[in-house]
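Below is one structure, written out as structure tokens; comments come after it.
The values are calculated or read from the model by the stated rules, or taken from the named source; none is laboratory data. As the structure is a prediction and not an experimental result, all values here were calculated from the model. For neighbour counting, all protein chains shown are included, and Cβ atoms are generated from backbone atoms with ideal geometry for every residue, glycine included.
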Amino acid sequence: MNTTAATNADAAADARHLQTAAADHSGHPADNDSTIRTASHLAHSASGLLEHPRGARPGLPGDRSEFSFEQHSRLESCAQGKGHDGARYGRTGIIHTPHGDIRTPAFVPVATQSAMKGVLPETMKDLGAQCLLSNAFHLFERPGEEVLDEAGGLARFMNWDGPTFTDSGGFQVLSLGAGFKKTLAMDVTDMKNDDVIAEGKERLAFVDEDGVTFKSPLNGSRHRFSAEISMGIQHKLGADIMFAFDELTTLMNTRGYQEHSVERTFRWARRCVEEHRRLTHERVGKPYQALYGVVQGANYEDLRRRAAREIASLDFDGVGIGGAIEKRLIGDTCAWICDEMPENRPRHVLGIAEVDDIFACVENGGDTFDCVSPARCGRNGAIFTRHGRYNIKRAANKHDFNPLEEGCECYTCTHYTRAYVDHLLRAHEMNGATLATIHNEHFFVKLLDDIRASIDAGYFEELRDETLAHYYENGLMK
Ligand SMILES: [Zn+2]
């Protein structure tokens, strides 16, 4: 397709420019071959499948230098800065991976089972998505990590021409039967214990020092997850960026338990690094896979800082900011962690939920953000717009032949009407979910693109204040 070819050509040219620029600043020799390599890794073979990615060498371990983070511009310190001495860690940059580059800050759509529900990867590319995240636990259950390994890894398996992430499986395993909410930022104002841990429900997962034993929700069979098992699965899934296996806690756990859990997560993190190193050397001929350590510690500043220092002391390629955080502390938490981390490691915030959370996380150092809500909400008829979220299935839309959002440039809004999407969703036609998801994913991808441009050009605060004022003007803050 023409648009894709143009984008690839641009990306190749940009990659050459940036790598040359990086060589100038870092003192490393410029790689004269970079344009050719970048162009060829993006090309498709005659069979229509992706060519082998960068840094995969027959008989040799993956080339780690193919993964790196290059920082461009950064927000200036100010009196309101939440880091040391008013530092603000918000920045733009590029994460280089064997399957291509991610310009940051970037939104990472969630393709749980190596698929966006109802939307092809080609469409995700067209709407501007740079990378996708899949869940290790789901792929372990079905079809099994061996199938993806055989296919040449997650990206090739799903015909996604770009970088991929997998989570560790820890969240899904530990939340089995416990009813955890999959958001990082929780509004705990009216929350009771039962909202987080569903009492009376059969607990399907049990944690011990070595790992977690759980019962499969698919067929009831018993399984075991540990640092080594998660690494083995994620290496076979073959994503560019993987996460260390961590213990998930909730805001309802006691301080004592949180301390205990942070220490256990550190011990698991060390084991993940060891196993990752072993597998990288054993699995020759594969591209390098980067490993991010995950910082837990709930709402406690001292625990978050300690966890960040511990993760920083290990040989990780990046950091994941995980666990539950009270919504009002989300920016502070990112800043505490950034205070303790080397700047050259990219930072991923796991499981973001809302537009204001994204701004808080970007301002305080988040580089990438995954979120299930654009797709999940879209399937239910909730449409994200610059003026807040609305439900397409409200009566007024039945005869409304305007786009989902006036001025939106997504495929759905330039080709279809509210009335049509409303009809499809009511009639349970699959295309309804497809069209709503395309719009919602485009909304978040573009939001992060706009934020990135605003940091580079020096108007982040204006964009933040204006966007949040419009988005929450109808009182949709929640
Ligand atoms: Zn749209």
Residues of segment 335-355 that turn out to be buried (at least 24 other Cβ atoms within 10 Å of the Cβ) and in contact with a strand residue (DSSP E or B) (Cβ under 6 Å, 6 or more places away or on another chain), as a count: 7
Restricting to segment 254-311, and then to whatever is in a loop (DSSP other than H, G, I, E, B) and of a type in the set (Lys, Arg), can you tell me which residue is farthest from Gly152 (Cα to Cα)? Arg283
If I filter segment 430-442 for residues that are away from the ligand (no atom under 12 Å from the Cβ) and surrounded by fewer than 17 Cβ atoms within 10 Å (Cβ to Cβ), do I get at least one hit? yes
Out of Glu259, Glu274, Glu247, report the one residue that is modelled with pLDDT of 95 or more and among the acidic types (Asp, Glu). Glu274
In segment 103-119, which residues are of a type in the set (D, E, K, R) and part of a loop (DSSP other than H, G, I, E, B)? Lys117
Out of curiosity, is Ile455 surrounded by 22 or more Cβ atoms within 10 Å (Cβ to Cβ), in contact with a Ser or Thr (Cβ under 7 Å, 6 or more places away or on another chain) and of a type in the set (A, V, I, L, M, F, W, C)? yes
Starting from residues that are part of a helix (DSSP H, G or I) and under 14 Å from Thr437 (Cβ atoms), keep the ones in segment 398-426 and report whichever is nearest to the ligand (Cβ to nearest atom). Cys413
Taking segment 375-397 and keeping only residues that are within 11 Å of the ligand (Cβ to nearest atom) and surrounded by fewer than 22 Cβ atoms within 10 Å (Cβ to Cβ), one is left with Thr385, Arg386
Of all residues being among the hydrophobic types (A, V, I, L, M, F, W, C), modelled with pLDDT of 95 or more and not in a strand (DSSP E or B) in segment 356-374, which is surrounded by the most Cβ atoms within 10 Å (Cβ to Cβ)? Just the residue, please. Val362
Taking the options Ala87, Ala106, name whichever one is surrounded by 15 or more Cβ atoms within 10 Å (Cβ to Cβ), under 29 Å from Asn440 (Cα atoms) and either in the same structural domain as Cys361 (by TED's automatic domain parsing) or modelled with pLDDT of 95 or more (or both). Ala106
What about Tyr459, is it modelled with pLDDT of 95 or more, touching a Gly at 6+ places or on another chain (Cβ under 6 Å) and either within 21 Å of Asp370 (Cα to Cα) or away from the ligand (no atom under 16 Å from the Cβ) (or both)? no
Kindly evaluate Leu154 against the criterion of being free of Cβ contacts under 8 Å to residues at least 60 places away in the same chain and hydrophobic (A, V, I, L, M, F, W, C). no
For Ala324, the lone unmet condition from (1) surrounded by fewer than 19 Cβ atoms within 10 Å (Cβ to Cβ); (2) farther than 28 Å from Tyr459 by Cα is (1)
